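Okay, so here's the structure we're looking at.
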Amino acid sequence: MIKKITCLSLIALLSACGGESTAPQNQNEPKPVSSSHSNLGRFLSQSQICEILSMDALATFATSQPEINQEASAYRDTYTCTYSWPRPDAEERQKKMFEATMASMRGEGEMPSMRERVTDYQITISAKKSQRQASTFVPPVLSEAQMQAQIEAAKKRTAKQLTEEQKAVAGDAADDMVERLIRKNNENQPVTGVGDAAYWSNLSVGSLQVLAGDIELSISPILADTKQADIENAKRIATTLLDD
């Protein structure tokens, strides 16, 4: 539980941090379409967020699935919908997960990745109002010195959020998690041709972060067996949302 609390608070912290992109612009890349008149704002409520992706659009990903579960949630000013449906190999995955867990407890191998553990196909879309600028939306790649400074500052902020009891339970785990997440956050990949600015974040299973006018989108699909394939899936979803 302590790890979950720390992880969620730090991910929220990292998601709020922007910066000027240092990625070079390729003149041959397609220019992003301005989304200043986006209609996405009408979905910014817990009752409407799951309508952001139409059933026809979902059907292109969830072929042969008669029923798709939809779960809406809200946190502060961010609205999220998770669409899910069972994988045909769900039982096989559960069996492999159990075997891997037993082997890990015996010190024989590592636990499967999150992408390997899930038994449902999933698409998670979050949306919120934004005042950020396209020119500074993609976080810059930090030097080792800059990253160390950010790690130390984040550790101090995390420590202030934990009670003495939580610190005793967590031990060094909280600090280790802070460093891992910040280093992972430094692996963002700029994505061109989507919205006004976009990048792929490698936190958790990965998500496409998109600025479309005054709306920020986070699109996290778990549909494929590889990250690169799901980056392409996320770009397809983003294009569908911005074209509507």
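Each value in this text was obtained by applying a stated rule to the coordinates, not by laboratory testing. Keep in mind that what you see is a predicted model, and the values were worked out from it rather than measured. Counting neighbours? That spans all protein chains shown, and the Cβs are built from the backbone with ideal geometry, glycine included.
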Notebook entry, point to check: Across segment 97-115, what is the number of residues that are loosely packed, with under 14 Cβ neighbours inside 10 Å, free of Cβ contacts under 8 Å to residues at least 40 places away in the same chain and assigned to a helix (DSSP H, G or I)?
Noted result: 7
Notebook entry, point to check: Quick one: ASP77 ticks every box in (1) of a type outside the set (Phe, Trp, Tyr); (2) surrounded by 13 or more Cβ atoms within 10 Å (Cβ to Cβ); (3) touching a strand residue (DSSP E or B) at 6+ places or on another chain (Cβ under 7 Å) bar one, so which box is it?
Noted result: (2)
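Residues of segment 116-132 being part of a loop (DSSP other than H, G, I, E, B) and touching a residue at least 60 places away in the same chain (Cβ under 8 Å), which ones? Full working, then the answer.
Residues of segment 116-132 part of a loop (DSSP other than H, G, I, E, B): 118-119, 130-132.
VAL118, SER130, GLN131, ARG132, listed by residue number.
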Notebook entry, point to check: Would you pick out the residues in segment 74-100 that are of a type in the set (D, E, K, R) and either within 16 Å of ARG115 (Cα to Cα) or in contact with an Asp or Glu (Cβ under 7 Å, 6 or more places away or on another chain) (or both)?
Noted result: ARG87, ASP89, GLU91, GLU92, ARG93, LYS95, LYS96
Margin query: If ARG157 meets every condition in (1) more than 30 Å from ILE52 (Cβ to Cβ); (2) touching a Phe, Trp or Tyr at 6+ places or on another chain (Cβ under 7 Å) apart from one, which number is that one?
Written below: (2)
Next item on the list: Could you please tell me which pairs satisfy a Cβ distance under 9 Å, a separation of 6+ or placement on different chains, a first residue in segment 221-235 that is within 12 Å of SER207 (Cα to Cα) and free of Cβ contacts under 8 Å to residues at least 60 places away in the same chain, and a second residue that is loosely packed, with under 14 Cβ neighbours inside 10 Å and small (Gly, Ala, Ser)?
Entry: LYS235/GLY193
Next item on the list: Only helices (runs of 4 or more DSSP H) wholly contained in segment 146-244 count here; list those with 3 or more residues that are within 12 Å of the chain's Cα centre (by Cα).
Entry: 227-243
